[in-house]
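Okay, structure first, notes after.
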Amino acid sequence: MNPFLILGPLGSIIIGFLSIIIWKIRGNVEVRYFLLGGLVWGISIAPKIAMDFTLTPRLNSWAKDTFSITGLLIILGIYVGLRTGLLECGFAFLAFSRTRLRKATLEEATAFGVGFGATEAILIGFPSLMQILMFIVNPSILESLSPAQRKIIESSLNSPTWVTIAPVVERTFTLFAHIFASVLIYISVAQQKPNLLLIAILYKTALDSMVPYIQTMINIDMPITLLEAEVWVIIMGSIGLFGTFYLRKKHQEALRRNNYEGEILR
């Protein structure tokens, strides 16, 4: 059992808190904007959990009986992707268009995105951290599991330390994706450009549509597959990072131009 595996979920939690601290200092914004982002994440994740107990198993069973493995992955990919795109972007849009967030600044909107992604990183990392610590402190728990479950968990707990890079990388680049989508939605509302909302939905749909396929890539007995599975997240997160810089620059230019034109009119 490798005790250093706690560095993976611990790293995810640190990424979450560190991102909030950095943007709190850099953006000089109130904590409530991070909390609002976290709240909207929780609201958008609740229907997903409900669907995973009701609709998802039925869809999975139907697709398995109807299509080949390729067809199954395509159907599930479209379902998972659209579910994320519509729910996460939909609730974020409502927050920016129907609450006090409609008066938010660009820095505050970015803080919303940071809070959205940071909350996900923290709440995904914490249960994993507790689970690993539980097995380290009380390894006898493994004896109560079925042979199949025990084999999977033991293989996972004996992974090399370097695999802890995977969750840290995933949470970092997923955070960039959440910030990008949030800024897209904010500018869509602020500048009345519905096409940017559509881009945000398509972007998050594309990001999560690969999840079913990526899950088939992971082999516990081949730890390198854990890193290979992060390639898509890195690509999409990088697009999000550069896209955020581009959007922020363009929005700031638009604000300066509007202020300049306003001064001329006076």
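The values are calculated or read from the model by the stated rules, or taken from the named source; none is laboratory data. Note that the structure is predicted; figures quoted are calculated from it, not measured. Every residue, glycine as well, gets a Cβ built from its backbone with ideal geometry; the counts of neighbours run over all protein chains shown. For the accessible areas, the whole protein counts, side chains as well, though only heavy atoms, and no ligand, DNA or RNA atoms are used. Shrake-Rupley method; radii C 1.70, N 1.55, O 1.52, S 1.80 Å.
Looking only at segment 15-35, filter to residues that are in a helix (DSSP H, G or I) and β-branched (V, I, T); which one of those is farthest from T119 (Cα to Cα)?
I25
Say whether the condition of being in contact (Cβ under 8 Å) with a residue 60 or more places away in the chain, assigned to a helix (DSSP H, G or I) and either surrounded by 14 or more Cβ atoms within 10 Å (Cβ to Cβ) or under 13 Å from the mean Cα position of the chain (by Cα) (or both) is met by at least one residue in segment 212-219. Yes: one or more hits.
Within segment 137-156, is even one residue within 30 Å of R32 (Cα to Cα), within 24 Å of the chain's Cα centre (by Cα) and not aromatic (F, W, Y)? The answer is no, given that none of the residues of segment 137-156 is within 30 Å of R32 (Cα to Cα), within 24 Å of the chain's Cα centre (by Cα) and not aromatic (F, W, Y).
Look at (1) under 21 Å from the mean Cα position of the chain (by Cα); (2) in contact (Cβ under 8 Å) with a residue 12 or more places away in the chain; (3) surrounded by fewer than 20 Cβ atoms within 10 Å (Cβ to Cβ) and you find that N60 fails only one, number (1).
Each residue in segment 174-211 was checked for being exposed (fewer than 14 other Cβ atoms within 10 Å of the Cβ) and touching a Ser or Thr at 6+ places or on another chain (Cβ under 8 Å), and 2 of them qualify. Of all residues in segment 158-196, none satisfies the criterion of being closer than 30 Å to D221 by Cβ, of a type outside the set (G, A, S) and touching a Lys or Arg at 6+ places or on another chain (Cβ under 9 Å). Of all residues in segment 42-77, those satisfying the criterion of being among the polar types (S, T, N, Q) and not in a helix (DSSP H, G or I) are T54, S68. How many of the residues in segment 138-172 are of a type outside the set (D, E), at pLDDT 85 or above and open to solvent by 50 Å² or more (accessible area, probe 1.4 Å)? Count: 3.
Would it be correct to say that P160 is out of contact with any His (no Cβ under 7 Å at 6 or more places or on another chain) and closer than 22 Å to Q215 by Cβ? Against the criterion (out of contact with any His (no Cβ under 7 Å at 6 or more places or on another chain) and closer than 22 Å to Q215 by Cβ), P160 qualifies. Out of the residues in segment 1-20 meeting the condition of being more than 20 Å from the chain's Cα centre (by Cα) and either β-branched (V, I, T) or open to solvent by less than 20 Å² (accessible area, probe 1.4 Å) (or both), tell me which one is nearest to G37 (Cα to Cα). So the residue we want is I6. Return the pair list, or none, for Cβ contacts closer than 6 Å from residues in segment 73-89 that are of a type in the set (G, A, S) to residues that are open to solvent by less than 30 Å² (accessible area, probe 1.4 Å), at least 6 apart or on different chains. That search, which allows pairs on different chains as well, returns G77/P212; G81/T205; G85/K204; G85/T205.
Taking the criterion of being open to solvent by 60 Å² or more (accessible area, probe 1.4 Å), part of a helix (DSSP H, G or I), at pLDDT 95 or above and over 20 Å from H178 (Cβ atoms), would at least one residue in segment 78-85 satisfy it?
yes
For segment 113-123, a residue qualifies if it is more than 10 Å from the chain's Cα centre (by Cα), in contact (Cβ under 8 Å) with a residue 60 or more places away in the chain and open to solvent by 10 Å² or more (accessible area, probe 1.4 Å), and exactly one does: I122.
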